[in-house]
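Novice: Once you've had a glance at the structure underneath, I'll fire off some questions.
Please treat every number below as a calculation from the coordinates, not as lab data. Keep in mind it's a predicted model, so treat the numbers as computed, not measured. A quick note on method: Cβ atoms are made from the backbone with ideal geometry, for glycine too, and the neighbour counts reach across all protein chains shown.
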Amino acid sequence: MATAIDSLVSVLPLSDRREVAERTLEFRFVKPRGMTFKAGQFMDLTLIDPPETDAEGNTRGFSINSAPDEPDLIFTTRLRDTAFKRVLRSMPLGTGMRIEGPFGNFTLHNNKDRPAVLLAGGIGITPFRSIVRRAAHEKMRHRIVLFYVNRRPEDAPYLDELSRFERENPSFTFVPTMTRLRDSHASWTGETGHLDGSMILRYLRLSDPQATAIYYVAGPPRMVAGLHEMLNTIGIDDDDIRMEDFAGY
């Protein structure tokens, strides 16, 4: 077993669970003493002797939704009709899960003079919530612009919290946009339509976006591929793009 500072393998009891958007479940564990991770990393979670299983198995990788300063490990997932998700939704609080990690390098770059442009689709918001909260808590000097694409406000977890981070952190700009507002019953005064190059350039206000910013893209695979192509179209080189897709979520 690796040290707690580098990697953790442990069984932790589920401490809380709630729906944070339609078909979207947040679940929490108390963070073990001495555990550290970087905002944007992920962990592998395994059900222990679940009452049902299927061909997809009992292990899933989840981005850590919490920031390093928070006392809980927070994870969030879309609900699908799989054995893993059904067990996760119904198992009693206090049930243990095997947790391993952290893993990954989908983390904020060190050079504070280069802005970070975060492009999130749906549940791809999870690593970015961690990054943005860390930036606000530590009063980091990076300029961060977060574009967050959902069909409707009802599908978008953490809208209010991310808006609060924008108010608290003058270096953070939050741009949510809805693509199917006609199907919503919620009031909405923000951006509508799909994220494209013109929207990005309008909010960045950079003299040379191709040369300065680093772009991070997270969400469902098709959306990640489409946003990657769009960034290339407006002149962003692959060396300045980092991507993480969420298959099956």
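Novice: Expressed as a rounded percentage, what relative contact order does the stretch 116-245 have, with Cα pairs under 8 Å and six or more residues apart? Mind showing how you got there, number by number?
Specialist: Values: 202 pairs, mean separation 36.9, N = 130.
Relative CO of the stretch 116-245 lands at 28 percent.
Novice: I would also like to ask the following. Which whole-number value in Å³ per residue fits the convex hull of the alpha carbons of the chain?
Specialist: 135 Å³
Novice: Say the dipole of the chain comes from +1 at the beta carbon of Lys and Arg and -1 at that of Asp and Glu; which of 130, 197, 59 then lies farthest toward its positive end?
Specialist: So the residue we want is 130.
Novice: Would you calculate, for the chain, the mean residue ellipticity at 222 nm contributed by helices, counting each DSSP H stretch of 4 or more residues as -39,500 (n - 2.57) and dividing by all residues, to the nearest 500?
Specialist: On the way: 6 runs with 57 residues, N = 249.
Helix contribution divided over all residues of the chain: -6500 deg cm²/dmol.
Novice: Could you estimate the translational diffusion coefficient of the stretch 44-175 from the Stokes-Einstein equation, with Rh from the Kirkwood formula over C-alpha pairs, at 4 °C and 1.567 mPa s, in whole µm²/s? Mind showing how you got there, number by number?
Specialist: Working: Rh = 16.4 Å.
For these conditions, the coefficient is 79 µm²/s.
Novice: Is any residue of the stretch 19-46 close enough, with backbone N under 16 Å, to a label point placed 7 angstrom from the Cα of residue 154 along the Cα-Cβ axis, and if so, which?
Specialist: Counting only backbone N, you get 19-25.
Novice: May I ask you to evaluate 6.51 cos²θ - 1.76 cosθ + 1.60, the Karplus curve with θ = phi - 60°, for each residue of the stretch 66-74 and list the ³J(HN,Hα) values in order in whole Hz, giving x for glycine and proline?
Specialist: Per-residue couplings from phi come out as 7, 8, x, 7, 7, x, 9, 8, 10 Hz.
Novice: Still on this structure, I have one more. For the stretch 63-193, calculate the relative contact order in percent as a whole number, restricting contacts to Cα pairs under 8 Å that are 6 or more residues apart.
Specialist: Details: 173 pairs, mean separation 28.7, N = 131.
Value for the stretch 63-193: 22 percent.
Novice: Taking a quarter of the surface of the Cα convex hull of the stretch 116-245, what do you get in nm²?
Specialist: Numbers: hull surface 30.1 nm².
Mean orientational projected area (the stretch 116-245, Cα hull): 7.5 nm².
Novice: Tell me, what HN-Hα J-couplings in whole Hz come from the Karplus equation 6.51 cos²θ - 1.76 cosθ + 1.60 at θ = phi - 60° for each residue of the stretch 171-178, using x for Gly and Pro?
Specialist: Couplings: 8, 10, 10, 10, 10, x, 9, 10 Hz.
Novice: Less than 19 Å from a label point 7 Å out along the Cα-to-Cβ axis of residue 141: which backbone N atoms in the stretch 150-172 qualify, by residue?
Specialist: Counting only backbone N, you get 169-172.
Novice: Neighbouring Cβ atoms within 10 Å as the yardstick, rank 187, 63 fewest first. Don't jump to the answer; show the numbers that get you there.
Specialist: Values: 187 6, 63 29.
Least crowded to most crowded, the residues run 187, 63.
Novice: Please order 112, 38, 139 by the number of other Cβ within 10 Å, starting at the fewest. It would help to have the intermediate numbers written out before the result.
Specialist: Numbers: 112 13, 38 16, 139 10.
Lowest count first: 139, 112, 38.
Novice: Starting from the amide H of residue 243, placed 1.01 Å from N in the peptide plane, find each other amide H under 5 Å away whose residue is 5 or more places distant or on another chain.
Specialist: Here the answer is 217, since their amide H atoms fall under 5 Å of that of residue 243.
Novice: Mind ranking 47-56, 96-105 by how tightly packed they are, going by the mean number of other C-beta atoms within 10 angstrom, highest first? Write down the numbers at each step before the final one.
Specialist: Working: 47-56: 12.2, 96-105: 17.2.
Most protected by this proxy first, the peptides run 96-105, 47-56.
Novice: So, one more: Given contacts defined as C-alpha pairs under 8 Å and at least six residues apart, what's the relative contact order of the chain, whole-number percent?
Specialist: Values: 507 pairs, mean separation 46.2, N = 249.
Relative contact order comes out at 19 percent.
Novice: A further question on this structure: What does DSSP give for the chain in terms of the percent of beta bridges that are antiparallel, rounded to the nearest 5?
Specialist: Details: 28 of 53 bridges.
In the chain, DSSP labels about 55 percent of beta bridges as antiparallel.
Novice: So, with +1 on the Cβ of K and R and -1 on the Cβ of D and E, and no other charges, what is the size of the charge dipole of the chain about its Cα centre, to the nearest 20 debye? Could you put the intermediate results ahead of the total?
Specialist: Details: 32 positive and 34 negative charges, 110 e Å.
Its charge dipole is roughly 520 debye.
Novice: Turning to a different aspect of this structure: Please work out the FRET efficiency for the pair residue 225 and residue 18, using the Cβ-Cβ distance as r and a Förster radius of 35 Å; give the result to the nearest 0.05. Present the calculation step by step, with values, prior to reporting the outcome.
Specialist: Details: r = 32 Å, r/R0 = 0.90.
Using R0 = 35 Å, I get an efficiency of 0.65.
Novice: Then there is this: Along the stretch 220-229, what does the Karplus equation 6.51 cos²θ - 1.76 cosθ + 1.60 (θ = phi - 60°) give for ³J(HN,Hα), rounded to whole Hz, x for Gly and Pro?
Specialist: Rounded to whole hertz, the list is x, x, 5, 5, 4, 4, x, 5, 4, 4.
Novice: May I ask for the net charge around residue 16, where only other residues with Cβ less than 9 Å from the Cβ of residue 16 are counted and Lys, Arg are +1 while Asp, Glu are -1?
Specialist: Working: positive: 17, 18, 28; negative: 26, 72.
Every neighbour counted, the sum reads +1.
Novice: Could you list which residues have their amide H under 5 Å from that of residue 148, counting only those 5 or more apart in sequence or on another chain, with H placed in the peptide plane?
Specialist: Here the answer is 120, 175, 177, since their amide H atoms fall under 5 Å of that of residue 148.
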